[in-house]
Amino acid sequence: MSNYNSIDDLDPIETQEWLEALQSMQYHSGAERVNFMLQTLNQFANINVPAADTLNTPYVNTIPVDQEPPFPGDLKLERKIRAITRWNAIAIVVRASKNDMDLGGHIGTFASAAILYDVGFNHFWRGPMAEHGGDMVFIQGHSSPGIYARSFLEGRITEEQLNNFRQEVAGKGLSSYPHPWLMPEYWQFPTVSMGLGPLQAIYQAKMQHYLEARSLIAKSDKKIWCFCGDGEMDEPESMGALTVASREKLDNLIFVINCNLQRLDGPVRGNQSVIQELEGAFRGAGWNVIKVLWSSTWDDLFKRDTKGLIQKRMLEIVDGEYQNYAARDGAYVREKFFGASEELLQLVAHLSDDEIMHLQRGGHDPKKVYAAYHAATHHTGQPTVILAKTVKGYGLGSAGEGLNTAHNTKKMTHDQLLAFRSRFNVPISDKHVDEVQFYHPGADSPEIQYLQARRNELNGYLPARRRKADAALTTPALEDFVAFFTGTAEREISTTMAFVRIITQLCKDKNIGKYVVPIIPDEARTFGMEGLFRQLGIYSVEGQKYTPVDSEQVMFYKEANDGQILEEGINEAGAFCSWLAAATSYSTHNQIMIPFYIYYSMFGFQRIGDLAWAAGDSRARGFLLGATAGRTTLNGEGLQHEDGHSLIMSSLIPNCVSYDPTFNYEVAVIIQDGLKRMVEHQEDVFYYITLMNENYTHPAMPDGVTDGILKGLYKLQAATKPQKLHVQLLGSGTILREVMAAAELLEKDFAVAADIWSATSFNLLSQDGLEVDRWNLMHPDMTPKKAYITQCLQDAPGPVVAATDYVKAYADQVRKYIPQSYTVLGTNGYGRSDSREMLRHFFEVDRYYIVIAALKALADMGQVKPAVVSEAIKQYKLDPEKVNPGTH
């Protein structure tokens with residue numbers, strides 16, 4: 001051990017003795033003994049000495065030089081490959097920008113992270129031919145040009161595709177960022193909605209452990225790597241689940257944070273140190289932290305610096321000044337950094353200004369990065385985060401290296417391109433530089449041969465995505481749900497209760513039962529699902545180390561290492577990410593899973609809308625159950641909990657199939673159809689089904705309605721007897737029952753016959769109508785088609801009135817396809833706390849307002865006098881001047 005010396009130490013001799021004692025202990029007893037001793041001392045200190053900040057380590061590399069493993073690759077050849085990749089990444093963006101289409105693109109992010117990706121691709125990331133199916137890599141979205149550039153060298157992406165970067169409409173281009181929906185055999189995960197990648201990666205890692213614990217996939221050393229930027233860590237989603245990863249002991253998870261100290265507009269922490277801040281946060285959350293701050297060019301200086309002066313100075317410098325060092329020259333660094341003391345200046349007196357400028361950051365040194373990755377992949381018991389310090393726009397020179405404009409750089413002048421070519425020794429001519437030509441050294445070149453050999457050894461190319469699982473599952477036939485088709489007689493149940501019975505039955509199914517994944521945030525008892533606790537168990541990495549307080553009850557709280565239920569706590573975003581991980585397991589693990597995530601509908605699309613959109617992009621397959629759905633079903637809870645718009649939000653995701661059923665047989669038919677489509681046929685859709693907590697009797701399923709249930713509309717009940725006056729009433733969810741009651745009032749009080757229609761999905765009816773519109777537009781010389789809802793209602797007498805528990809826009813979207821006059825009632829406005837009866841009256845969707853709407857429609861058609869409507873308003877004691885609920 002070299003002699004210890006620090007200018008801040010009051011007794012360096014005593015410190016030296018302690019260090020030598022620890023070194024001797026490590027030599028004779030090993031590192032475990034040293035760690036035990038340090039933990040024991042720390043416990044003692046916490047009890048007897050005022051607590052000190054132990055979350056941060058010095059501002060140096062975590063892995064000492066003498067503990068770095070030898071680099072296994074050819075550094076010179078990899079540098080050449082990397083230079084070509086850097087050039088082509090720039091060319092992708094610059095060529096697109098030259099077309100004056102304002103396509104955009106990003107150069108600076110990949111420029112800073114090139115080595116971070118290169119080392120992974122060359123030495124760590126197993127491809128899809130690996131026994132475990134390949135590692136998962138969440139690639140930072142803004143780095144996509146660099147990933148495309150590498151795939152071009154591998155022969156996976158053509159020059160034509162590179163020339164069509166961000167030009168996808170013609171079908172030859174490349175998506176701007178990682179999008180599995182647009183490139184389904186290439187990108188695994190959508191990541192550019194910043195913050196969602198880290199959150200999803202954590203739950204993907206948890207899902208792997210869950211599947212292994214339940215023996216659904218083989219245990220393996222498969223890793224989940226997540227790349228993100230230091231600025232991205234400001235997103236609450238990026239940091240919000242860190243303790244989940246440590247609590248779950250996700251040692252299959254590795255975060256790589258590219259700490260180039262810049263976000264999109266400027267420094268991440270201009271006045272502080274983001275690396276030290278992140279280290280403290282991750283260490284405090286229980287992660288293994290590896291810092292890669294300084295390259296090998298610093299090693300000799302650190303060795304010379306026996307007093308720790310450089311380390312001390314490094315901690316003094318804030319990030320905004322480090323950015324200055326990257327953007328200025330060696331003379332500036334000598335003056336501003338080393339000029340803080342004569343001793344520091346003496347340490348670099350033998351270096352020229354150019355050599356000082358080439359004292360690089362650790363993220364630009366493949367040997368340092370390799371050492372960090374090697375340590376991370378061998379660490380057990382904890383997730384690992386690698387904090388790699390880089391320069392944003394590295395290599396771009398005056399075009400953006402270290403500048404606040406680096407993120408927005410998408411154009412470079414001829415001189416800037418020449419300077420880049422020369423700096424990285426890219427083997428292209430001045431003419432090719434001027435034309436910004438792509439460069440490929442040829443399939444037989446040493447560079448490409450080396451690159452291909454690395455990927456062959458690592459079991460195939462990445463990124464790569466599996467589109468379908470090798471083995472589909474056989475799902476129950478419709479007749480297997482017959483118990484839900486016969487009605488409930490006098491017994492009253494909710495559709496939530498019906499769903500619980502369905503999922504209980506599915507979990508017992510011999511073909512698919514073990515693949516069902518029930519997911520709840522923290523509301524199992526609210527939804528009546530506590531009966532599943534004992535039956536299926538709640539997954540816990542540690543099993544159950546306590547006796548549950550309700551152990552003597554039939555439905556006690558049971559945790560188990562092989563538990564089937566995922567109970568994610570008060571954590572809708574995390575629960576959704578668990579659902580998403582299970583819903584994409586067919587792709588990530590070649591194993592179809594069937595996730596059912598049930599939650600308060602208000603805390604679904606409204607709360608985690610961006611994740612739901614990511615699910616569509618990810619081609620997720622599974623069921624989302626929005627419980628207590630509708631503006632008036634959750635009486636007493638008030639504004640925050642009452643959902644009148646989730647179905648509108650679900651309609652915005654093209655591959656989300658959404659329904660608002662009323663009766664248990666409708667729920668059963670829809671779930672059976674979803675299983676058939678997603679599990680057996682492996683279609684890339686996912687289902688959103690609203691559920692209610694209101695109890696009522698359920699009729700038997702009428703004959704021949706299954707097709708209508710799935711299409712979105714069927715006639716539930718014809719008018720009981722013919723009348724001169726006739727109307728068509730449409731309803732869904734709990735309001736369908738108000739529609740049924742309104743039909744009775746119309747006949748009893750006004751001699752108006754009413755046909756009743758169950759509209760299980762206005763969204764699907766609207767989508768069908770839009771498809772028909774498009775077909776008719778593009779086939780003007782052919783007989784026009786008719787929308788399904790038009791076909792249903794075209795011969796139906798009288799006006800049409802629709803009422804739902806959602807905003808009027810939900811049912812109004814089919815107005816164009818209704819042949820008759822059309823009136824829509826809905827629940828616009830904020831929610832209220834009250835009884836269901838009062839709420840439906842307040843929002844004007846109860847039976848009385850439905851009657852008024854029907855009579856008014858008849859009056860507008862001249863079939864009744866307006867006075868009839870006025871008399872009805874008086875009869876039902878409605879207030880024409882009451883506040884408009886849609887504005888309150």
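The values are calculated or read from the model by the stated rules, or taken from the named source; none is laboratory data. Here the structure is a predicted model, which is why all the values come from computation and not from measurement. Neighbour counts run over all protein chains shown; Cβ positions are idealised from the backbone, glycine included. SASA here: full protein model, heavy atoms, side chains in, ligands and nucleic acids out. Shrake-Rupley method; radii C 1.70, N 1.55, O 1.52, S 1.80 Å.
Would you please report the Å³ per residue occupied by the convex hull of the alpha carbon atoms in region 725-839?
103
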Which three numbers, in whole Å and largest first, are the semi-axes of the equivalent ellipsoid of region 190-336 derived from its Cα gyration tensor as √(5λ)?
35, 18, 13
Extent of region 61-140 along each principal axis, from alpha carbon coordinates, in Å, largest to smallest?
51, 32, 25
Work out the FRET efficiency for Glu744 and Asp781 from their Cβ-Cβ distance, taking R0 = 56 Å, and round it to the nearest 0.05.
0.70
Compute the FRET efficiency between Gln346 and Asn408 as 1/(1 + (r/R0)^6), taking r as their Cβ-Cβ distance and R0 = 30 Å, and round to the nearest 0.05.
0.15
Return the calculated 222 nm mean residue ellipticity for the chain, to the nearest 500 deg cm²/dmol, obtained by summing -39500 (n - 2.57) across DSSP H runs with n ≥ 4 and dividing by the residue count.
-11500 deg cm²/dmol
Calculate the spin-label point distance for Met129 paired with Leu770, positioning each point 7 Å from the Cα along the beta-carbon direction, and give it in nanometres.
4.3
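Specify, per residue and in Å³, the volume enclosed by the convex hull of the alpha carbon atoms belonging to region 459-569.
Once divided by residue count, the hull of region 459-569 is 174 Å³.
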Show me the chymotrypsin sites (Phe, Trp or Tyr not before Pro) within region 407-462 that DSSP assigns to loop and that have at most 11 other Cβ atoms within 10 Å of their Cβ.
none
Checking the table Lys676/Lys786; Lys249/Lys545; Lys219/Lys510; Lys715/Lys785 against a 18 Å threshold on Cα-Cα, which pairs fail?
Lys676/Lys786; Lys219/Lys510; Lys715/Lys785
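Hey, got a sec? Which trypsin sites (Lys or Arg not before Pro) in region 188-294 land in a DSSP loop and have at most 12 other Cβ atoms within 10 Å?
Lys219
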Cα Rg over Rh - region 405-510, Kirkwood
1.43
Taking 0.36 nm per residue of sequence separation and subtracting the Cα-Cα distance, how much length would be gained by fully extending the chain between Lys98 and Glu490, in nm to one decimal?
133.9 nm
Tell me which lysines have Cα within less than 22 Å of Lys307's Cα, excluding those fewer than 8 residues away on the same chain?
Lys291, Lys336
Answer with one residue from Ala349, Tyr370, Gly330: the one whose Cα lies farthest towards the positive end of the charge dipole of region 311-390, charges on Cβ with Lys, Arg +1 and Asp, Glu -1.
Tyr370
Convex hull volume of the Cα atoms in region 618-733, per residue, in Å³?
145
Which ³J(HN,Hα) values in Hz, rounded to whole numbers, follow from the phi angles of region 752-766 under the Karplus curve 6.51 cos²θ - 1.76 cosθ + 1.60, where θ = phi - 60° and Gly and Pro get x?
10, 7, 9, 8, 10, 10, 8, 9, 5, 7, 5, 5, 5, 4, 5
Once you put a point 7 Å from the Cα of Ser29 and another 7 Å from the Cα of Ile13, both along the Cβ direction, what distance in nm separates them?
2.6
Where trypsin sites (Lys or Arg not before Pro) fall in DSSP loop in region 846-879, at most 14 other Cβ within 10 Å:
Lys877
With loop defined by DSSP as not H, G, I, E or B, and exposure as at most 12 other Cβ atoms within 10 Å, which is the longest segment of the chain clear of exposed GluC sites (Glu not before Pro)?
553-880
Please give the charge dipole size of region 124-206, origin at the Cα centre, charges +1 on K and R Cβ atoms and -1 on D and E Cβ atoms. Round to the nearest 20 debye.
180
What aspartates and glutamates sit close enough to Lys808 to cross-link, taking a C-alpha to C-alpha distance under 12 Å and skipping anything fewer than 8 places away on the same chain?
Glu844
Mind listing the Cα extents of region 549-662 along all three principal axes, in Å, largest one first?
43, 42, 25
HN-Hα J in Hz across region 393-410 - Karplus 6.51, -1.76, 1.60, θ = phi - 60°, x for Gly and Pro:
x, 3, x, 7, x, 5, 6, x, 5, x, 8, 4, 8, 4, 5, 8, 5, 9
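Listed highest first by mean packing, meaning other Cβ atoms within 10 Å per residue, what order do 752-759, 135-142 come in?
135-142, 752-759
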Kindly identify region 647-797 as rounded, prolate or oblate by the Cα gyration tensor criterion: order the square roots of the eigenvalues as a ≥ b ≥ c, call it rounded if a/c is under 1.5, otherwise compare a/b with b/c, prolate if a/b is larger, else oblate.
oblate
Residue by residue through region 224-233, the couplings from Karplus 6.51 cos²θ - 1.76 cosθ + 1.60 with θ = phi - 60°, in Hz, x for Gly and Pro, are 10, 9, 10, 9, 8, x, 5, x, 5, 6
Roughly how many nanometres apart are two label points built 7 Å out from the Cα toward the Cβ at Asp707 and Leu75?
7.2
Within the chain, percent of DSSP bridges classed antiparallel, to nearest 5
10
How much length, in nm to one decimal, is gained on full extension between Glu159 and Asn561, taken as 0.36 nm per residue of separation minus their Cα-Cα distance?
139.7 nm
Length gained, Thr297-Ala477, 0.36 nm per residue minus C-alpha separation, equals 58.1 nm
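I'd like to check one number: the per residue accessible area of the chain, probe 1.4 Å, reported in Å² as a whole number.
Using a 1.4 Å probe on heavy atoms only, each residue of the chain averages 41 Å².
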Could you state the principal axis extents of the C-alpha atoms in the chain, from the largest down, to the nearest angstrom?
105, 73, 54
Based on the alpha carbons, how large is the Rg to Rh ratio for region 285-333 when Rh follows Kirkwood?
1.03
Any idea what angle helix 274-284 forms with the longest principal axis of the chain, computed on alpha-carbon atoms, 0 to 90 degrees, nearest 10?
70
So the compactness index of region 148-188, its C-alpha Rg divided by 2.2 N^0.38 Å, takes the value 1.05
Expressed in angstrom and rounded, the centroid-to-centroid distance over alpha carbons for region 236-268 and region 404-474 is 27
Counting only protein heavy atoms and using a 1.4 Å probe, what share of the accessible area of the chain belongs to carbon plus sulfur, as a whole percent?
50
